[in-house]
Every structure is written in C-alpha cells, then in structure tokens.
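Participant: Let me begin by handing over the structure; questions about it come next.
The values are calculated or read from the model by the stated rules, or taken from the named source; none is laboratory data. In this text the structure is predicted, and so the values were computed from the model without any measurement. Positions of Cβ are backbone-derived with ideal geometry, glycine not excepted, and every protein chain shown enters the neighbour counts. Protein only, heavy atoms only, side chains kept; ligands, DNA and RNA dropped before computing areas. Shrake-Rupley method; radii C 1.70, N 1.55, O 1.52, S 1.80 Å.
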Amino acid sequence: MNAAVDIPEEKSRLTQSRVRAAWLFLTPMIVIILMVAGWPLARTIWFSLTDANLSDLGNVNFIGLENYLTYIDYGDGDGEWVGVLADGKWWISVWNTVYFSMISVTLETVLGLIVALILNAKFPGRALVRAAMLIPWAIPTIVSAKMWGWMLHDQYGVINDILMFFGLINSPLAWTANNDLAMNAVIMADVWKTTPFMALLILAALQMLPSDCYEAAYVDGIHPVRVFFKVTLPLIKPALMVAIIFRLLDALRIFDLIYVLTSNSEATMSMSVYARQQLVEFQNVGLGSAASTVLFFIVAGCTVVYLMAGKVKFD
Amino acid sequence: MSEIRMRGVYKQFGKERIIENVNLDIEDGEFVVFVGPSGCGKSTLLRLVAGLEDITKGDLHIGGKRVNNLPPPERGVAMVFQSYALYPHMTVYENMAFGLRLAKTDTQTIDERVRKAGDILQLDQLLTRLPKELSGGQRQRVAIGRAIVREPGVFLFDEPLSNLDAALRVQTRIEIAKLHSDLGASMIYVTHDQVEAMTLANKIVLLNAGEAVIKDGSVAQVGSPLELYHQPCNKFVAGFIGSPKMNFIDGELVSSDGSKSTIKLPDGSQVEASVDASAAQPGMKVTLGIRPEHFDQQGASSTAKGKVAYAEHLGEASLFYLELAGSNELLTLRKEGDVLANRGDMIEISIPRDYCHLFNDSDRAFPRTVTYEQEMLTTV
Amino acid sequence: MQEIKILKKVGLFFLVLLLVIFSVFPFYYAIVTSFKSGSALFKVDYYPKVLDFSNYVSAFTEQPFHLNIFNSVIVAVAVVVLSLFLGVTASFALGRVKFRGRGLLLLTILAVSMFPQVAVLSGMFELIRWMGLYNSLPGLMITYMIFTLPFTVWVLTTFMRDLPKELEEASIMDGASPWVIITKVFMPLLWPALVTTGLLAFIAAWNEFLFALTFILQNETRTVPVAIASMGGASEFELPWGSIMAGSVVVTIPVVALVLIFQRRIVSGLTAGAVKG
Ligand SMILES: Nc1ncnc2c1ncn2[C@@H]1O[C@H](COP(=O)(O)OP(=O)(O)OP(=O)(O)O)[C@@H](O)[C@H]1O
Ligand SMILES: [Mg+2]
C-alpha cells in the first residue's frame, strides 16, 4: 500500500489522440520553419566556410575559416591578414551597430517611459492621443526613412528650417550626407518611429499595476518622484526589461532605415548592411555569409544571456 | 447498467501523489457524494471517472467494462462543471444539442431530447438565448440540461452549486435530488458543503488529505451519511463530518469491558463511554470525542463545569465555547433555542455515555456499543 | 493650491500637444509635400497652399505603382492567411496539449522570431532559386513565413492558453475532437485575437524590405517599399521628392486607417507578443 508508484502511466486513448493531434497540427508549422529558417541558416553557415560566389552557387569549394580570418603569406616574411574579422569596414559596421543600438534603445526607453507616464494620467481625448501615437509605428520603415530623408534635406529640409528659425543653427546642416551627422539622423528617425511602441508597451504594464500601492504612497505623502523610483519602476521592471531586450535585438539587425536614409555611407553602415553589400553587390557569398553568421551568433548570444538571466518560463 | 468499480486506483501528477489506492463500488442508480478538505483530490477522482485525467495505476470499470483508456464520450458519463462551461457563442438549444450533433444523432431525436430536457429544467422559454443573457441559476440548469440530453448512465457533478447564492443553492439542490429520483441514473457529486453531502447522498465518500493519503490511502471512510456521522472510523472523519466540529478531549483509558469503558480526563475526573475498548491496554492515551449537540442527552456518568469564553447566538440554537479545567482547548457546546449566558458565566455540562466516541493513540475509533439506529430511537 | 493645479493642467496639456505634434508631424509634412510640385517643393511650407495632384499622377505613371500595390496586397494577404491557418492549429497544440518537448519547441519559435533576416539571406536565396521562385511573389510569400509564422504562433499561443480549461473539457465530454474544438468552440472565441494577429502579420509583410529588395528584380514584381525606395530621378541628387511623398502617403493611409480602427486590439496583441518574463 505504501509502495511508490513508478510504473509509467497507462495513457488513455484521449491523451494519446490529443498528443497525436498536437503533433499533426504542429508538423506543417515545423516543416515550414525548418524550410525557411533552419535550412537557410545552415546553408548560410556552410557558405561562410566556402568560396561561394553569387553568380554560381552550384560550384563551391570548402575553404575552412578563410572567410573569417586567415593569414596570407607572400613569402619573404611579408603577408597580410584577410577575412571579415580583418576587415576595417566590418569593425566600423560593428561599432556603428552597437553605437546605434545603445543610443537609440536608451533614448527610446527613457522617452517611452516619460510618454507612458503622461498617457497614464487621465485627460480628455486620451484615446485619441494614443491612436495618434500608433501612427509612427504603423508607417512602413521605408516610408519613414524617406520622410525623414526629406525633412532632413540639406537645402530644403524642414528640420533645418525650424532649427534656423529658433536660431539653433546658423546655416543648413547636411544631416544625411555629413559623416558626423548621419548617425544622428538615423537615430532620430528610429527614435521617432519606435518610441511610441515602447511607450505603449510600458503603458500597458503601468495600467496593470495595482492602484492601492499608489493610494498608500499618496496617503503617506511621499513625493511623486520618489514614488516613481521606489514603487513604479521596480514594479514595471520585468515588463520593461522584456521590451528593452526585444528592441535591442531588433536594433542589432537594423537594415532598412540605414539603407534608405543614408544609403552606402560608411559612417552609418550596420552589420546587416555590410553583410548584404558583400553578398549581393560584391557577389561574395562566402564573405557575406561569414559576416551574417557572426551577426547571427551575436544576436543568439544576447538572446541566450537574456533567457538565462530573465529565467523566462515557457509553461 | 452503469455500476462503477474502482480497484486500487492511484493518480500521480509527476511526483505528487494525489490519489492513493481507492477501492470503491458505486451501484447503479446510487447517489454518491465525494467530500473532503480542499485540495484533497475530490475533483481529481471525479475527473478520473470522467476520463479527463489518466489513471496512473489500478482499474476503473463502468458497467462491467474496463474503461481506463476509453475516451470520455465512450464511457457513458456526462459532467456538469462548477463554472458551467457553456459555449458562449451558442444558444441554449445549441449548447444542449452540440454533443448529440457530434455523435451524428438524427435531427428529430436531438430536437425531442433537447425539448424534453428544456421542460424538465424549465428552460423551454429560454432555448434561443445566449448564455450571457441568462442568470447564474439558469446557466447552471443549461449545464445540467447538456448532461441530461446525452442520457448518460452516470452523471458527474463538480461543485455545481458553489457559484449560486444561498437561496438558489437550496432550490437547485432539491431539483437535483428530484432529477436523481426521476432519471434513476447514478450520480457522483463533489462538494465541500456538508449540508449538500448529507441531504443528497446515499453514500458519502470522505477523502483523506495530507500525510494520511500515503498512510491509509485516499479514502477515509465510505458509508451512508448517518453512518459517517454516528460511526466515524477515525478522528479525521469524526472531526470532518458535523458542524460545529466534534469536541476532542485527551484522556487515559482506565478500564474497559465489552460494553463500556472508563476514561480519566485531564482534570482527574472519570467518565464512562459506551465503547468497546477491550482491545486496548488500560493506561493507553486515548481521545474522547463528543459532538457539541450531544452534551444535553441523557445518561451522563459525570458532569463538569466550563467557563464561557465566548458565545454565539444563531437564533435556533446557541453556541458556547467553554474553557475547561486542565485542558487548553475550548469545548464547543450547542444548546437548542435561546440560552442566555455570557462571557465568564459557568455552565454545567454532562457527558452522556451513549454519545461518546473514543479514539486510540493512532486516532482509530473503538467500536461503539450503541448503534445509531438505537441512538435515534432514544432521541425521538 | 488652485494655481498649482491649473499650472499642472496647462503643463500636461502642452506635453500632450508636443507628443501629438512629434508623432503626427512627419506624416503631415509628407502629405503637405505631396501636394507641391516644381519649385514649390524647394520652399518649406507648413500647410498646403495649393492642392496639386500631379505628384500622385506621376507616382503611378513613372513606374507601375498600381502593380506594386497590388503585389503588396497579394503577398501580405497570402502571408496572413497562411500564417494564421498554421498558427491556429499549432498554437492549439502548444497552448493546450501537454507533450514532451513543448518547452523546447516554444523556445525555438521564440528564437526564430529573433533571427536577423540577413543571417538567412544567402541560404534563402539558394532555396527559392532552387524552388524556381526567384523573382516571383510566391517566393516572397514563403520567405516572409520566417518572421510572420513564429510571431503568429507565439501570440496565438498566449491567447489560446488563456481560454478556459473547463470549456475545452466540456467539449471533450461532448465528444469533440481537437479539430472540432478548434473550429467550433475556440475559433468563435478567438476571432479578436485572430484579427489582431492577422493585422500585425499584415503590417509586417506590407512593410518588409530586405527580402523584397533582394529576391525581386523587375519593377512590375516589386512590392511597395522597394518601389518607393527605388523611385529615382535623373541622378542621385535629383530625387523626385514630390512623387515619393505621394507614393508614401498612398501606401501609408490604408495601414494607418487599419491601425486606428483596431488600435485597442493592436496594443493587446503587441503586449501578448512580448514574453511574460
Ligand atoms: N493538472 C494538475 N497538475 C498537477 N497537480 C494537480 C493538477 N490538478 C490537480 N493537482 C493537485 O492535486 C491536488 C488535488 O486537486 P483537486 O482539484 O482534485 O482538489 P479538490 O479536492 O477538488 O479541491 P477543491 O475542494 O479545492 O476543489 C491539489 O493539490 C492540486 O494542486
Ligand atoms: Mg475541486
């Protein structure tokens, strides 16, 4: 009577048929995911180890890690390092991407928080304002890149016009063409497009907070700023972290905005832009794939760190 | 025929042992109620019968057939859920017809059965409404109707009344009792409401919780309501059935012949109980049990005085919580009608020997020498 | 006290005003620009002085813009239908059935939704060339699955999981198979979630750029974002800003309208999409 039962459970036909149905339902999805994600990823990694060229993908030779890094010896003690990791342009694009991600995500988080706090206050027409805020998010990235390109135009741009009206600058700036300003232009456009999204996510978290904490704090006469840092922020931290990490992963793979707003300028080139340039424009599938692979592992690494740190549960 | 037999039934969720060694027979047409503390596995046991959970070990037979791995619709059972679980986008009629439609019953039969169920449950005016347009009681009736139309051999109810208000609960309880006698099907009913259990059941199954599940199996005692009330087999059952709870007083067995025993109480006094404790050695630590409503019965061997710690006046009866010399637990006393006594007053209580229960040092009950039929005769 | 209150109100008002201007101005300015042509373009105006539709005409005559719109619609609709269909059944399995490997599968799906698109570019290029779908709309539809499908599955799984357990059990007792449960019991309850997810997938497909840029060669087969990005003038320095803005307005208005109509649902969908950590 006291013996622990260790024999496997006898599965009823209900359980069996449910599990069978589940796999049946999952199969098409799994097949498609394998087809459009698993297989191409595997091929990309494979190409990164070959000398593949876009014009003839059928004829490739395995060259090991040469696309990543290799030393070419010219004899007589002379030689040079080649490969993605030896390419100065690659490292510029890595720096650009990291710089862009850090600055834009920070700005978006701070501004998003502020906007969310404003929208959390009750005022007439709040729903309307919230709707207006969705507009930047809904506009296709390409369209917003073009819009900002036009607004930031060096001669006829409205931004220059406004800044000059307020006397902040004396002469028009070449936002997108000037290497020192181009990244700022990209960040500006990205912050405009993404802050509302951030704000709405944070707002959703804010609205799920229990109101009694606030009432208690209000009754105790604690200063609102203190309440924000001691009560609100810790409570929304989990939701905030999720939003930040999603944005960060998104920012690390940025392509469209930079490609359209500042085209091939090296000053803003991101890792994705670099990889695509190698792949498509220079037809160097091997090298481009190597760059893509490195980007993939960076993003994967961030994801893993996040999952481990955040202890995300899946059931 | 849809008698249910459970033989050595076990259920584990992962490593959690929830149901242990249940052996239970439910005859055709019987009304069985599962009661027990919250979380003891009542719903789980019911869901094992329904087929919504897999049985870890053991055999379940319904109508003479082993049904362990039959899917629910093939077991000839129907279930009524606590939260009603009506399909929100279907009308009352469609809710009841859904199962029959899936079973490819012909339209005319469906219509007949749904209308008949509607008549029985007074839903005939509501057949075209959506669940959200119904009151809680009406929704509950639709949920029952959905079970009725399938004409099952066994009805399963999981706390069907707990979302209703007190008055509606009494009314629906009576309707369910009537339904049982009209349909003649077996019913298994889970509740934690004692009154529901006592009034509806032919047979109560009281489930153990905690440690006892592993030690004694899940079932604490099976029997008719009055059997459980008058002849609890252990202290847990004695304490669970009856409200307010039975009083327990620690004591020591002094002597016992076949028909009565003498027990020494903490204050040094001795009482007699009509219990056969001859199987135990004198000097054993025992627990004397007596229900709050039984102190005033006749046949007391001794009396004691208690100080009122606090009092509750319910109208039809009064409850007093008494401090007794030598004991740090309060004793509950129930007196019929209005009895005026306040905090600090002394009340004299007697301990009638025919109403005493006695438990040994491992909480098992000694057999009482008065059967409850006799007890009832003396009471009437 | 009273003054502080009023001051606070006025402050809030201005903040909100700033917010609205910040959100809406670029799009507003695009509309203003789209009605200007010729030399008017080179003067900054904050409101339309004349309504000149010539940019709209040239947006459609200089390139097959109507075809581009049509292509985008076809691709986006197909992608939505396909991913919803696969997503509903898969999310039922993931959200409501216990089986070995479920956690791992969910993890994989989440991981795939974070894939940098460029990481699969060369493999994808080879794949659709091998399938003979290079430079065709079906090719795009398939490649778009990489981001719409994981997202759809993930969001629908969170919605599926929240449906009441007893409802499913009641239908099991009624003899419903998983397929019947999905179609007859859950779908009617899930349609708001389906609208949300479908809309988000639609927007994602409508806006996609990298694959469309790389896998499509001809003007006639292009989708809207690529068409807008490649509207060019005589030289790189003479972009037809008027037509570009006109085209932008045309393709943005439907999306903005959809978003405004369904704004509540969209916000709930976005929040469901973010993992509950
Ligand atoms: N699917 C499950 N997985 C794991 N544990 C479960 C599951 N279902 C129930 N349990 C556990 O089994 C125990 C019994 O649950 P059950 O619902 O049967 O209790 P109950 O007697 O019906 O309680 P109540 O009176 O509160 O309804 C509980 O401890 C519960 O936590
Ligand atoms: Mg229960």
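Participant: Could you go through the range C:5-22 in sequence order and give the Karplus-derived ³J(HN,Hα) for each residue, using 6.51 cos²θ - 1.76 cosθ + 1.60 with θ = phi - 60°, rounded to whole Hz, and x for Gly and Pro?
Facilitator: Couplings: 4, 5, 4, 4, 4, 5, x, 4, 4, 5, 4, 5, 4, 4, 4, 5, 4, 4 Hz.
Participant: Between B:Glu112 and B:Lys132, take the C-beta separation as r, use R0 = 41 Å, and let me know the FRET efficiency to the nearest 0.05.
Facilitator: Values: r = 27 Å, r/R0 = 0.66.
Plugging the Cβ-Cβ distance into 1/(1 + (r/R0)^6) gives 0.90.
Participant: Further question on the same structure: I'd like the residues of the range B:52-68 whose 1.4 Å-probe accessible area shrinks by no less than 10 Å² going from the isolated chain to the full set of protein chains.
Facilitator: Residues passing the criterion (a loss of at least 10 Å², heavy atoms only) are B:Leu52, B:Asp54, B:Ile55, B:Thr56, B:Lys57, B:Arg66, B:Asn68.
Participant: Right, something else. For the range A:89-308, how big is Rg over Rh, using alpha carbon atoms and the Kirkwood form of Rh? Kindly include the intermediate steps, with their values, before the conclusion.
Facilitator: Details: Rg = 20.2 Å, Rh = 19.5 Å.
For the range A:89-308, the value is 1.04.
Participant: Expressed as an acute angle from 0 to 90° and rounded to the nearest 10, what is the orientation of the C-alpha long axis of helix C:241-261 relative to the principal long axis of chain C?
Facilitator: Result, in degrees: 30.
Participant: Straight-line reach from C:Lys43: which lysines have a Cα under 24 Å away, not including same-chain ones fewer than 8 places off?
Facilitator: Leaving aside lysines fewer than 8 places away in the same chain, those within reach of C:Lys43 are A:Lys146.
Participant: Can you work out ³J(HN,Hα) from phi for every residue in the range C:24-38, in order, using Karplus 6.51 cos²θ - 1.76 cosθ + 1.60 and θ = phi - 60°, giving whole Hz and x for Gly and Pro?
Facilitator: Once rounded to whole Hz, the list reads 9, 4, x, 5, 4, 5, 4, 5, 4, 4, 5, 9, 10, 9, x.
Participant: Using modelled backbone amide H atoms (1.01 Å from N, in-plane), which distant-in-sequence or interchain residues come within less than 5 Å of B:Phe157's amide H?
Facilitator: For B:Phe157, whose amide H was placed from the backbone, the distant partners under 5 Å are B:Val80, B:Ile188, B:Tyr189, B:Val190.
Participant: Rounded to whole Å, give me the distance from the Cα center of the range C:101-145 to that of the range C:26-51.
Facilitator: Using only Cα atoms to place each centre, the spacing works out to 40 Å.
Participant: Once you order the gyration tensor axes a ≥ b ≥ c over the Cα atoms, which shape class does chain C get: rounded for a/c under 1.5, otherwise prolate or oblate by comparing a/b with b/c? Each step should come with its number before you reach the end.
Facilitator: Numbers: a/c = 2.51, a/b = 1.35, b/c = 1.86.
The shape class here is oblate.
Participant: Over chain A, calculate the relative contact order: mean separation of alpha carbon pairs under 8 Å at least 6 apart, over the residue count, as a percent. Write out the running numbers ahead of the final one.
Facilitator: Working: 330 pairs, mean separation 81.5, N = 315.
Relative contact order comes out at 26 percent.
Participant: In addition: Could you name the lysines whose alpha carbon sits less than 25 Å from that of C:Lys5, not counting residues in the same chain fewer than 8 places away?
Facilitator: Qualifying lysines at Cα under 25 Å: A:Lys122, A:Lys230.
Participant: Could you derive backbone 3J(HN,Hα) for the range B:281-293 from the dihedral phi with the Karplus parameters 6.51, -1.76 and 1.60 (θ = phi - 60°), listing whole Hz in sequence and x where the residue is Gly or Pro?
Facilitator: Going residue by residue, I get 7, x, x, 5, 5, 10, 10, 9, x, 8, 7, x, 8 Hz, with x marking Gly and Pro.
Participant: Based on DSSP H runs of at least 4 residues, each adding -39500 (n - 2.57), what is the mean residue ellipticity at 222 nm of chain B after dividing by all its residues, to the nearest 500 deg cm²/dmol?
Facilitator: Details: 10 runs with 98 residues, N = 380.
Counting only the DSSP helices, I get -7500 deg cm²/dmol.
Participant: Per-residue ellipticity at 222 nm for chain A, helices alone: DSSP H runs ≥ 4 residues times -39500 (n - 2.57), over residue total, nearest 500 deg cm²/dmol? Numbers along the way, then the final one.
Facilitator: Working: 13 runs with 195 residues, N = 315.
The helix contribution divided over chain A gives -20500 deg cm²/dmol.
Participant: I've got another one for you. Roughly how many Å is it from the Cα centre of the range B:157-180 to that of the range A:165-201, as a whole number?
Facilitator: 68
Participant: Just to confirm my numbers, what's the Cα centroid distance between the range A:31-105 and the range B:47-113 in Å?
Facilitator: Here the two parts' Cα centres lie 60 Å apart.
Participant: Now a separate question. Under the rule of at least 5 residues apart or a separate chain, name every residue whose amide H is placed under 5 Å from the amide H of B:Ser224.
Facilitator: B:Ile204
Participant: Can you give the relative contact order of chain C as a percent, counting alpha carbon pairs under 8 Å and 6+ residues apart?
Facilitator: After rounding, I find 31 percent.
Participant: Continuing with the same structure: Taking the C-alpha atoms of the range B:96-254, how large are the radius of gyration and the largest Cα-Cα span, Dmax, in Å?
Facilitator: 19.9, 74
Participant: On a straight-distance basis, which lysines could pair with B:Lys42 in a cross-link, Cα separation under 25 angstrom, same-chain partners fewer than 8 positions away excluded?
Facilitator: Filter leaves A:Lys11, B:Lys11, B:Lys15, B:Lys57, B:Lys65, B:Lys178, B:Lys203, B:Lys215, B:Lys235, B:Lys245, C:Lys98, C:Lys165.
Participant: Would you tell me the accessible area of A:Trp39, worked out with a 1.4 angstrom probe on the heavy atoms of the protein chains, in Å² to the nearest 10?
Facilitator: 120
Participant: When a/c reaches 1.5 or more, the comparison of a/b and b/c decides; with that in mind, is chain B rounded, prolate or oblate per its Cα gyration tensor?
Facilitator: Details: a/c = 2.76, a/b = 1.84, b/c = 1.50.
Prolate shape, in that a/c is at least 1.5 and a/b is the bigger ratio.
Participant: In percent, what relative contact order does chain B have, based on Cα pairs under 8 Å that are 6 or more apart in sequence? List each step's numbers first, then the result.
Facilitator: Working: 801 pairs, mean separation 55.1, N = 380.
Value for chain B: 14 percent.
Participant: If you count only protein heavy atoms and use a 1.4 Å probe, how large is the accessible surface of B:Ser259, to the nearest 10 Å²?
Facilitator: Rounded to the nearest 10, that gives 60 Å².
Participant: What accessible area per residue comes out for chain C, rounded to a whole number of Å², with a 1.4 Å probe?
Facilitator: Details: 11540 Å² over 277 residues.
Dividing the accessible area of chain C by its residue count gives 42 Å².
Participant: If I ignore ligands, DNA and RNA and count only protein heavy atoms, how much of A:His223 is accessible to a 1.4 Å probe, in Å² to the nearest 10?
Facilitator: The accessible area of A:His223 comes to roughly 110 Å².
Participant: Applying 1/(1 + (r/R0)^6) with R0 = 25 Å to the Cβ-Cβ distance of B:Lys285 and B:Met346, what FRET efficiency is obtained, to the nearest 0.05? Please list the in-between numbers first.
Facilitator: Values: r = 29 Å, r/R0 = 1.14.
The formula returns an efficiency of 0.30 here.
Participant: Okay, next question. Choose one answer from A:Ile142, A:Ile33, A:Ile103: the residue with the largest mean-square fluctuation in a GNM of chain A with alpha-carbon springs under 10 Å.
Facilitator: Between A:Ile142, A:Ile33, A:Ile103, it is A:Ile33 that shows the largest mean-square fluctuation.
Participant: Quick one: in the protein assembly as shown, what % of C-alpha pairs are over 52 Å apart? Before the final figure, lay out the partial values.
Facilitator: On the way: 192989 of 471906 pairs.
Taking all Cα-Cα pairs of the protein assembly as shown, the fraction more than 52 Å apart is 41 percent.
Participant: What average number of partner chain Cβ atoms lie no more than 10 Å from the Cβ of the residues making up A:238-245? Don't skip to the answer; put the middle values down first.
Facilitator: Details: counts 3, 5, 0, 1, 6, 3, 0, 4.
Partner Cβ neighbours, averaged per residue: 3.
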